[in-house]
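The values are calculated or read from the model by the stated rules, or taken from the named source; none is laboratory data. Bear in mind that the values here come from a model prediction, so they are computed numbers and not experimental data. Glycine gets a Cβ as well: all are built from the backbone with ideal geometry, and neighbour counts include every protein chain shown. Protein only, heavy atoms only, side chains kept; ligands, DNA and RNA dropped before computing areas. Shrake-Rupley method; radii C 1.70, N 1.55, O 1.52, S 1.80 Å.
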Amino acid sequence: MSDTLRALVVAEHASGVLKPSVSRVVTAAAQLASSVDVLVMGDSCAAVAKQAAALEGISRVLCAEKAWLKNPLAETSAHVVKGLAQGYAYILAPASTEGKNMVPRLAALLDSHAISDIIAIEGKDTFKRPIYAGNALATVQCHDPIKVLTVRTTAFAPAAESNTPADIASVDVTDIESAATFVKQALSESTRPELTSARVVISGGRGLQSSDNFKLLESLADKLGAAIGASRAAVDAGYAPNDWQVGQTGKIVAPELYMAVGISGAIQHLAGIKDAQVVVAINKDEEAPIFQFADYGLVGDLFEVLPQLVKKV
Amino acid sequence: MSALETILVTVKRVVDYTIHIRVKSDNSGVETQNVKMSMNPFDEIAVEEAVRLKEKKHAQQVIAATIGPAACQETLRTALAMGADRGIHVVCDDPSLPALHIAKILQQLVAKEKPQLVIMGKQAIDSDNNQCGQMLAALLDWPQGTFASEVSVSDKHLEVTREIDGGLETLRLSLPALVTTDLRLNTPRFASLPNIMQAKRKPIEQIPLESLSIALPKPPTTLKVEEPPARKAGVMVADVDDLVDKLRNEAKVIP
């Protein structure tokens, strides 16, 4: 592709660690542009910048270091990125809650349409993205001079590590008064992987019958290093917290293995697991729609099946 | 005196979330003719939150707005039946304008109605963009509290708890401000029959899109809409041993 096309990837990090999603966004950016810069924003960026510089395919890492960038707010991040945007043909970020919060704000400041959640690159200005919770795929062509994209990171492979790290440069940022201020963050203290990036997800439905019974999923999840999810029906019934919800109105997951336990398979749930590689369904109702969708179906009482599974995996 | 005089809430008419959508055979889009249409679920939560803030005397009036063809008026009536005081219908042929256009239109409505708070659904379940609220906040230079699971109002501030990957985040926003709703924020009420009847008498102002004279940048072109690749047919396994064997040796997804 043309030598003149440059891309800027907006990095995400927490506690001094670059998030793994960033390397996948770099892969997408490298498909579009011949030169990819990564922007790290924060109050102390050196460690994260070094990790970003080690990614294959990066030209430069830009560091915007300010005390007021300690906690990423859309108001402040969009301001910083806007200041750096000229000269880039693409600005990309992960389609995480952080990216989804900031990117459309940035796009409006640039008078660009944002393209959300791209899963494939069909050309320099043409992208594939899911609509209707993945029940349809749209191919869209973007006409804006600066194309502003969020990337569904499960759709792109991580970039390799490079032996020759990219240069790290600090960038000037003008101060901004933000009408939003950070108060606090309460991250769930789980040792399990995050639902949206887990290799294995085990989800429970209304078939589990109570929140106590959800604990039955834990020993299996422990053995497989899995995240635990739930259907909307189970969440609505109060068996599981809302942030476990998988589906159109919850989280979209793309694990290598998805196990649906006591889940009937409502359309809205299936929409959230379309990208799973292998789907297993365990349900006592052989008519349950989930069996039409699953790669492996087992008709049986989950209260008998689960303990056996724990023993045998 | 309430902290918020006016709340503007936005609603979109979409294919009902229980419907299994069909892609049109010419790949131009998704079939919406003769399909059950409803208010976008996240917008229902937005209307509910606005009405609750009014009921708690934090606000004096709730205005509901929609943009689209004549049929969108039904959706506006639903918002009025849930408790919004009046409606604004920006009339245009396109039922699904791009987010940046919507944001620019809403910017004009905000200039006209001067709300202190705009509440929107975090995304519409048809286009799944999750953009409008953030774009409108940018155009207005307002602070944004997206994916809200809790909103509390003090004198000149909002405290918004947001659903983020891995947990929750709380922000303090000075007013005026914009909030987009996530699922946990509330459970929307069903409009009662008397309220539905009463809503028929609430005013709806119609504004033709052309009359707003906004410069709308060229939207992205949808070249094609297609079905996602079908999953290959699965198999039924006899028992747990069979399942574990298949996962280990055939699918190779467990050690």
Of the candidates B:243, B:100, B:175, which one comes out as most mobile in a Gaussian network treatment of chain B with C-alpha springs shorter than 10 Å? B:243
Straight-line reach from residue B:232: which aspartates and glutamates have Cα under 20 Å away, leaving out those fewer than 8 places along the same chain? A:256, A:275, A:286, A:287, A:295, B:242, B:245, B:250
Within 10 Å of each Cβ of B:241-247, how many other protein chain Cβ atoms are there on average? 5
Could you tally the net charge around residue A:202, taking each other residue with its Cβ under 13 Å from the Cβ of residue A:202, Lys/Arg +1 and Asp/Glu -1? +1
Charge tally for neighbours of residue B:120 with beta carbon under 10 Å away, counting Lys, Arg as +1 and Asp, Glu as -1, is +1
Of A:21, A:203, A:190, the one that fluctuates the most in a GNM where chain A has Cα springs shorter than 10 Å: A:190
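To the nearest hundred square angstrom, how large is the accessible surface buried between B and A, total for both chains, probe 1.4 angstrom?
Values: alone 14680 and 15690 Å², together 23640 Å².
Buried area between the two chains comes out at roughly 6700 Å².
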For segment B:4-250, what is the charge dipole size about the Cα centre, in debye to the nearest 20, if Lys and Arg each add +1 at the Cβ and Asp and Glu each add -1 at the Cβ? 880 debye
Reported to the nearest 10 Å², residue B:101 has, with a 1.4 Å probe, an accessible area equal to 10 Å²
Those trypsin sites (Lys or Arg not before Pro) from segment B:174-255 that are DSSP loop and have at most 15 other Cβ neighbours within 10 Å turn out to be B:189, B:200, B:201, B:231, B:232, B:252
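Can you pull the Rg over Rh of chain A, Cα-only, Kirkwood?
Values: Rg = 21.2 Å, Rh = 20.9 Å.
Rg divided by Rh gives 1.02.
Using +1 on the beta carbon of Lys and Arg, -1 on that of Asp and Glu, and nothing else charged, what's the dipole of the protein assembly as shown about the Cα centre, debye to 20?
Values: 57 positive and 66 negative charges, 139 e Å.
Dipole about the Cα centre, nearest 20: 660 debye.
Ranked by accessible surface with a 1.4 Å probe, highest first, in what order do B:236, A:41 come?
Values: B:236 105, A:41 25 Å².
Solvent-accessible surface, decreasing: B:236, A:41.
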For residue B:16, what accessible surface area do you get with a 1.4 Å probe? Give it in Å², rounded to 10. 20 Å²
Residue-normalised 222 nm signal for chain A, counting each DSSP H run of n ≥ 4 as -39,500 (n - 2.57), nearest 500 deg cm²/dmol, is -7000 deg cm²/dmol
Are there DSSP H segments in chain A that both extend 18 Å or more along their axis (alpha-carbon positions) and score a mean Kyte-Doolittle hydropathy of at least 0.5? List them, or say none. A:20-32
Rounded to a whole number, the mean other protein chain Cβ count within 10 angstrom for residues of B:97-104 is 3
Which residue, A:23, A:188, A:116, tops the fluctuation ranking in a GNM of chain A built on C-alpha contacts under 10 Å? A:188
From largest accessible area down, sort B:85, A:37; use a 1.4 Å probe on the protein chains. B:85, A:37
Using only the heavy atoms of the protein chains and a 1.4 Å probe, how would B:162, A:232, B:172 rank by accessible area, largest first? B:172, A:232, B:162
Compactness index (Cα Rg / 2.2 N^0.38 Å), segment A:195-312: 0.91
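Normalised by the number of residues in chain A, what is the relative contact order in percent for Cα pairs under 8 Å and 6+ residues apart?
Values: 685 pairs, mean separation 42.9, N = 313.
It rounds to 14 percent for chain A.
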Could you bin all the Cα-Cα distances of the protein assembly as shown into 10 Å bins starting at 0 and give me the percent of pairs in each, rounded to whole numbers? 3, 17, 27, 27, 18, 6, 1, 0
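Using R₀ = 45 Å, calculate the FRET efficiency as 1/(1 + (r/R₀)^6) where r is the Cβ-Cβ separation of residue B:111 and residue A:304; round to 0.05.
The computed FRET efficiency comes out at 0.10.
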Given pairs A:50/A:70; A:100/B:112; A:184/A:251; A:128/A:184 and cut-off 26 Å on Cα-Cα distance, the over-length ones are A:100/B:112; A:128/A:184
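Can you give the helix-only mean residue ellipticity at 222 nm for chain B, where every DSSP H stretch with n ≥ 4 adds -39500 (n - 2.57) and the sum goes over all residues, rounded to the nearest 500 deg cm²/dmol? Provide the component values of the computation, followed by the final result.
Details: 6 runs with 63 residues, N = 255.
Taking each H run of at least 4 residues, the total per residue is -7500 deg cm²/dmol.
Taking each residue in B:60-70, count the Cβ atoms of any other chain within 10 Å of its Cβ, then average. What number comes out? Write out the running numbers ahead of the final one.
Details: counts 0, 0, 0, 0, 0, 0, 0, 0, 0, 0, 0.
The shielding value for this peptide is 0.
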Percent antiparallel among DSSP beta bridges confined to the protein assembly as shown, nearest 5, equals 35 percent
